[in-house]
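Following: one structure in structure tokens, then a few remarks.
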Amino acid sequence: MDNISRRQVLRGTAAAAVTLGAPSVRAQKDQQILRFVVDADLKVLDPVWTTAYITRNHGFLVYDTLFGTDENLQIRPQMVDQTIISPDGMRYAFKLRDGLRWHDGHPVLSEDCVESLKRWGKKDRLGQLLMAHTAKVVAVDSKTFTLDLSEPFGLVLDALGKTGGNVPFMMPARIAATPLGDQIKDPVGSGPFKFARDEWKPGEQVEYVRNNDYVPRDEPPSGSTGGKRVHLDKVIWRYIADPWTAAEDLAAGEVDWWQEPPLDFVPKLELNPDLQTFLIDPLGQQGWLRPNCLHPPFNNKKAREALLHTMDQITYLHWSHGQSNYYRACNSVYACDGPYATTIGAEPIVEHNLLKASQLLKESGYDGTPVIVLQITDKPFLNAAAVVTRQRLESVGFKVILKAMDWSTHLIVRARKEPPDKGGWNLLLTWWQCADVIDPSVHFALSGAGPNAWFGWPNVPQLEKLGIDWVRAKDPAKRKQLAAEIQRLALSEVTYVPWGEWVQPTVFRKNVRDVLKFGAPIFWNVKVA
């Protein structure tokens, strides 16, 4: 990579400077309107069909959840008013609070929640584990439903209050009955904002309007819990693929909040007295290199092992993010600030031995067929990581083709199980918030469920067994031991390759007030002065 600059890798997005012109004050007269630059184009509305954060973030505006997670990572009730747990811990009875209504005016019923949980539980990693331990979920009356376990499961409330992966958002039963393989098209929720379908312009912008019928809880807001009091009349999501344009629009007051400026832009943005940077997710994010286990060459373990030995996290992080004060190597599949971080089984990543990688590739019988790597062009850090991947893989003998597309198109392509020459893929690069890789119950790359695993579809039955053992274990020391065994097996089978951690500041104009710390940008409690 010595022959090209990092600026070339980022295709013009590495910032040597950012234009910080004098801001033009946009009047807020009769309405409070917040203009927000999203990190991706919203094309998929179904938060169960995809784990994409752009769709998850959309979900937090239009849907509500039975439970949520506060800023101290504690599970608290949200739509639920009362929970009764049987003495043996095998039955949970939930009573919904008063005043819950869908955006179409109909009351929220317990049967809606039952159907929503059933659909979510077929897809989400922790939801699948919960449903594997569940005998039945049934409505008792219009506001009460029960969940009966078939085997002890200590993470019931953790599952219902999770905020990453596939979030268990509640939907009307008629919508939740949509087959899992089909995307829902009707985003009717009961959340604090309504989706303005007529104003939706894919590739440009999305609008949300205040749900005047929403009844917030009485508690102060915290994370995805508490009183979701809405002060904004409208939130406009703008999709601006060019970060230079986004920076100029923010400086000029044409937008109020930029979700994810490239890290190279942050030092210059901080010089503008009208802007404020804010770290809404201090735990950070983890990069992923995910092989497709269905097709050659990565249906062969030795070829996957070669990937592991090519990984040099600092190289990936330097070229993708640039600002070393925001990133760090992390030789664990678990968040390095989490309770299960370990280096067990990570020796190939620590050593990143290219000669060993080349030898493993030869032993795999690789025939020289080009490897298709999905290259995300509208996320500078993923675009750069794809270029690094091509260089690293070619240096050990792979032939590589970068298949360029935007993030939202990639969400469709990565779901294809067809061979690469029929529209499929071999490698994808993505990232997850560290909260979503903090333990085996939520970590999608630690599933070996084959066709039911996350995209890439590794088939490692022992990994599934260890995951179940982990959620059933009650002793903390036993859980740590099992978590380490899971990491050793996942890295041995190379279900994915982590490429380090970083934190991502957000930036907004100083007239934006009371933004809450949370893993997703949330718009209740926010005001525009």
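The values are calculated or read from the model by the stated rules, or taken from the named source; none is laboratory data. Computed from a predicted model, the values in this text were never measured in an experiment. Because the Cβ atoms are built from the backbone with ideal geometry, glycine has one as well, and the counts that use them run over all protein chains shown. Note: areas computed on protein heavy atoms with side chains; ligands, DNA, RNA excluded. Shrake-Rupley method; radii C 1.70, N 1.55, O 1.52, S 1.80 Å.
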Near pairs, Cβ below 6 angstrom, 6+ apart or cross-chain, from the stretch 389-405 (over 16 Å from P297 (Cα atoms)) to any residue that is assigned to a loop (DSSP other than H, G, I, E, B) and of a type in the set (S, T, N, Q): A404/T377
Scan of the stretch 292-313 for residues that are aliphatic (A, V, I, L, M) and within 14 Å of P370 (Cα to Cα), ordered by number: A303
Complete set of residues in the stretch 144-154 that are open to solvent by 20 Å² or more (accessible area, probe 1.4 Å) and touching a residue at least 60 places away in the same chain (Cβ under 8 Å): E151, P152, G154
Matching residues in the stretch 54-71 - criterion: being outside any loop (DSSP other than H, G, I, E, B) and either modelled with pLDDT under 95 or of a type in the set (S, T, N, Q) (or both): T55, N57, T65, T69
Residues of the stretch 425-440 satisfying the condition of being within 12 Å of K403 (Cα to Cα) and touching a Leu at 6+ places or on another chain (Cβ under 8 Å): W425, L427, L428, L429
Qualifying residue in the stretch 479-501 (condition: surrounded by fewer than 20 Cβ atoms within 10 Å (Cβ to Cβ), touching a strand residue (DSSP E or B) at 6+ places or on another chain (Cβ under 7 Å) and either without any contact (Cβ under 8 Å) to a residue 60 or more places away in the chain or assigned to a helix (DSSP H, G or I) (or both)): no
Failed item in (1) on the phi > 0 side of the Ramachandran plot; (2) under 16 Å from the mean Cα position of the chain (by Cα); (3) among the small types (G, A, S), with G397 passing the rest: (2)
Filter result for the condition that a residue is within 20 Å of the chain's Cα centre (by Cα) and on the phi > 0 side of the Ramachandran plot, over G253, G223, G181: G223
Residue identified as among the hydrophobic types (A, V, I, L, M, F, W, C), over 21 Å from R56 (Cβ atoms) and either touching a residue at least 24 places away in the same chain (Cβ under 8 Å) or surrounded by fewer than 18 Cβ atoms within 10 Å (Cβ to Cβ) (or both) among A176, A139: A139
Test: residue in the stretch 144-159 that is within 25 Å of the chain's Cα centre (by Cα), modelled with pLDDT of 95 or more, closer than 26 Å to T430 by Cβ and assigned to a helix (DSSP H, G or I): yes
Residue pairs meeting the criteria (Cβ under 8 Å; at least 6 apart or on separate chains; first hydroxyl-bearing (S, T, Y), in the stretch 108-129; second open to solvent by 10 Å² or more (accessible area, probe 1.4 Å)): S110/A139; S110/V140; S110/D141; S110/S142; S110/K143; S110/T144; S116/A173
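Conditions (1) open to solvent by less than 10 Å² (accessible area, probe 1.4 Å); (2) at pLDDT 95 or above; (3) in a loop (DSSP other than H, G, I, E, B), marked per residue:
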| site | (1), (2), (3) |
| --- | --- |
| A415 | no, yes, yes |
| E418 | no, yes, yes |
| G424 | yes, yes, yes |
| L429 | yes, yes, no |
| A435 | no, no, no |
| A445 | yes, yes, no |
| W454 | no, yes, yes |
| Q462 | no, yes, no |
Members of the stretch 516-527 found to be open to solvent by 10 Å² or more (accessible area, probe 1.4 Å) and either assigned to a strand (DSSP E or B) or at pLDDT 95 or above (or both), listed by number: N525, K527
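Each row is one residue, and each column tells you yes or no for (1) part of a helix (DSSP H, G or I); (2) more than 20 Å from R210 (Cβ to Cβ).
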{"site": "L73", "(1), (2)": "no, yes"}
{"site": "R76", "(1), (2)": "no, yes"}
{"site": "D81", "(1), (2)": "no, yes"}
{"site": "A93", "(1), (2)": "no, yes"}
{"site": "D104", "(1), (2)": "no, no"}
{"site": "V114", "(1), (2)": "yes, yes"}
Test set (1) surrounded by fewer than 16 Cβ atoms within 10 Å (Cβ to Cβ); (2) touching a residue at least 24 places away in the same chain (Cβ under 8 Å); (3) aliphatic (A, V, I, L, M) - V373 fails condition number: (1)
Check on D378, in contact (Cβ under 8 Å) with a residue 12 or more places away in the chain, of a type in the set (D, E) and either under 14 Å from P297 (Cα atoms) or part of a helix (DSSP H, G or I) (or both): no
Any chance P458 is over 24 Å from V503 (Cβ atoms) and surrounded by fewer than 22 Cβ atoms within 10 Å (Cβ to Cβ): no
Failed condition for T245, given (1) without any contact (Cβ under 8 Å) to a residue 60 or more places away in the chain; (2) farther than 20 Å from F381 by Cβ; (3) over 22 Å from the mean Cα position of the chain (by Cα): (2)
Elements of type strands (runs of 3 or more DSSP E) in the stretch 189-240, at least 1 residues being aliphatic (A, V, I, L, M) and open to solvent by less than 60 Å² (accessible area, probe 1.4 Å): 205-210, 234-238
Residues located in the stretch 124-142, provided they are of a type in the set (K, R) and closer than 26 Å to L100 by Cα: K136
Residues of the stretch 54-89 satisfying the condition of being open to solvent by less than 10 Å² (accessible area, probe 1.4 Å) and polar (S, T, N, Q): T55, N57, T65, Q78
